[in-house]
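One structure below.
The values are calculated or read from the model by the stated rules, or taken from the named source; none is laboratory data. This one's a predicted model, so the numbers in the text were calculated from it and none came from an experiment. Heads up, the Cβs are rebuilt from the backbone with ideal geometry, glycines too, and the neighbour counts pull from every protein chain shown.
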Amino acid sequence: MSGLLSSSIARKFAMALSALFLVFFLLMHVSINLLSVFSEDAFNTASHFMGTNPLIQFVMQPVLMLGVLFHFILGFILEIRNRKAQVVKYAQNNGAANSTWMSRNMIYSGLVILLFLAVHFVDFWFPEMNYKYIQGNPEDPTRYYHELVEHFQNPIKVGIYVLAFIFLALHLLHGFQSAFQSMGANNRKYTPGIKKFTMGYAIVVPAVFILIVLFHFLNH
Amino acid sequence: MMNLTLKIWRQKDANSKGQMVDYKVTEISGHMSFLEMMDVLNEQLINTGEEPVAFDHDCREGICGMCSMYINGEAHGPDRGVTTCQLHMRMFKDGDTITIEPFRASAFPVIKDLVVDRESFERIQHAGGFVSVNTSGNTQDANAIPISKIAADEAMDAAACIGCGACVATCKNSSAMLFVGAKVSQYALLPQGQVEAKERVLSMVAQMDKEGFGNCTNTGACEVECPKGISLENIARMNREYIKASV
């Protein structure tokens, strides 16, 4: 690789930056979704704003797409390079003795999230783009809640979402705190607090996503 | 006294294909070091006219960094804070089967049996792991430069790295960042290292990448397996130093 990403540390830093961006996006996503549990109107208003605001639609959305693509592509490139760095594998390797399962399997939890994103896009994003920009339907600010609820009536679909959020939690459990280390933020004073905060986030955010899905499945 | 089965990687030379071979050793005392147990095996092999197992060793007191070996799936075996020469046989039980492999990394090619070429570490050191001081007789007394106790201690902790390569061997990505992080840190923490700090970190990281070590993914395995307790903080410091030097 050349240019800005030519060194291992630069790639590490870029991976961490894109990760933090996606972590922040998750917080926004879960906050809006959570509204659907408390108020149909509030959820519709927030979704309508997100779906029609030009800044969000034509600036933030492409930036988010690029962020997601960047994180996945760089993740795959790093994985390929890392595999080349150790061609002959050990006959016996006791990884559990010195590291967490999450930290050793980021590529697999990441792959599950990537597959989930495909399902998620087919469920929500493609129909949304089709509705708004291809069919050019007039905007209906009250449609979002029903569209959301409709998707979570199939137990298989609910199962897929719950499983994906569990893998998201596993990915975040290592990834979030790891981003700080990659950016050089590791010291005796702040790191224990950062680790606790990131672990809490990694569990709470996916758990709230799961609860929202289950709420709509069980309530309708 | 223990009787053990050893599964050992045997490889004639760098170009040959290796394989795991089973051996039996008997009457092994728990007080022996792992290398002494290997000596017993080799005596046995010499007596029966077989080729002894090649393995690296030098000081046998945990400071030279020569002894390597991946024992039962861990660099320097199952104990913590020890090199292979400091690993006691009392860590094992009678009847155990012990798997012994060379350190695996593309940047550490196997030379023979359990011996790997770790010159890639030397080349990283040559790239910048030093301070260019004038030693012609007018060098300033080091004690005349005020250094905080914290910085001195942290620099000393980083300098404890013996360059054994356990970090690379342990890392699933074969990353050398703990080693390079320690070498960068030991100078970055002290005033004497400041003058060449920028060139040092850039050159050492460039050499590390050139040698084909993998990318660190912060699993933290290196820190756990390091015989000298080198902390991940050193990698974070290297990342900071590198970013500072790059912008």
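Only one residue in A:PHE38, A:PHE58, A:PHE72 is touching a residue at least 24 places away in the same chain (Cβ under 8 Å), surrounded by fewer than 18 Cβ atoms within 10 Å (Cβ to Cβ) and away from chain B (no Cβ under 14 Å), so which one is that? Quick ask: steps written out before the conclusion?
Working: A:PHE38 fails: touching a residue at least 24 places away in the same chain (Cβ under 8 Å); A:PHE58 fails: touching a residue at least 24 places away in the same chain (Cβ under 8 Å).
When all the criteria are applied, what remains is A:PHE72.
Tell me, which residue of segment A:112-136 that is closer than 17 Å to A:LEU64 by Cα and in contact with a His (Cβ under 8 Å, 6 or more places away or on another chain) is nearest to the other protein chains (Cβ to nearest Cβ)?
If we take residues in segment A:112-136 being closer than 17 Å to A:LEU64 by Cα and in contact with a His (Cβ under 8 Å, 6 or more places away or on another chain), then A:ILE113 is nearest to the other protein chains (Cβ to nearest Cβ).
Considering (1) more than 9 Å from every other protein chain (Cβ to nearest Cβ); (2) under 22 Å from the mean Cα position of the chain (by Cα), say which one A:ARG104 fails and leave the rest.
For A:ARG104, the exception is condition (1).
Could you pull out the residue among B:ASN173, B:ASN143 that is within 17 Å of the chain's Cα centre (by Cα) and either at pLDDT below 95 or part of a loop (DSSP other than H, G, I, E, B) (or both)? Write out each step before concluding.
Details: B:ASN143 fails: within 17 Å of the chain's Cα centre (by Cα).
Sole residue among the options that is within 17 Å of the chain's Cα centre (by Cα) and either at pLDDT below 95 or part of a loop (DSSP other than H, G, I, E, B) (or both): B:ASN173.
Going by what's in this entry, would B:ASN3 be described as away from every other protein chain (no Cβ under 14 Å), surrounded by 13 or more Cβ atoms within 10 Å (Cβ to Cβ) and among the polar types (S, T, N, Q)?
Against the criterion (away from every other protein chain (no Cβ under 14 Å), surrounded by 13 or more Cβ atoms within 10 Å (Cβ to Cβ) and among the polar types (S, T, N, Q)), B:ASN3 does not qualify.
From A:LEU69, A:LEU64, which residue is in contact with a helix residue (DSSP H, G or I) (Cβ under 9 Å, 6 or more places away or on another chain), part of a helix (DSSP H, G or I) and at pLDDT 95 or above?
Only one candidate qualifies: A:LEU64.
Provide a single number: the residues in segment B:30-88 that are closer than 28 Å to B:GLY220 by Cβ, in contact (Cβ under 8 Å) with a residue 24 or more places away in the chain and in contact with a strand residue (DSSP E or B) (Cβ under 9 Å, 6 or more places away or on another chain).
18
Among the candidates B:SER148, B:SER174, which residue alone is in contact (Cβ under 8 Å) with a residue 60 or more places away in the chain, assigned by TED's automatic domain parsing to the domain that holds B:VAL205 and among the polar types (S, T, N, Q)?
Working: B:SER148 fails: in contact (Cβ under 8 Å) with a residue 60 or more places away in the chain.
It is B:SER174.
Just name the residue that is farthest from B:ALA14 (Cα to Cα) out of those in segment B:45-87 that are surrounded by 14 or more Cβ atoms within 10 Å (Cβ to Cβ) and among the hydroxyl-bearing types (Ser, Thr, Tyr).
B:THR83
If only one of A:SER109, A:SER182, A:SER99 is within 10 Å of chain B (Cβ to nearest Cβ) and farther than 30 Å from B:GLY18 by Cβ, which one is it? So that I can check it myself, show each step before the final result.
Working: A:SER109 fails: within 10 Å of chain B (Cβ to nearest Cβ); A:SER99 fails: farther than 30 Å from B:GLY18 by Cβ.
The match here is A:SER182.
Step by step: first the residues of segment B:97-118, then only those that are away from chain A (no Cβ under 13 Å) and within 12 Å of the chain's Cα centre (by Cα), then the one that is surrounded by the most Cβ atoms within 10 Å (Cβ to Cβ). Which residue is that?
Here the answer is B:ARG118.
Quickly run through segment B:60-75 and pick out the residues that are part of a loop (DSSP other than H, G, I, E, B), more than 9 Å from the chain's Cα centre (by Cα) and not basic (Lys, Arg).
B:GLU61, B:GLY62, B:ILE63, B:CYS64, B:MET69, B:ASN72, B:GLY73, listed by residue number.
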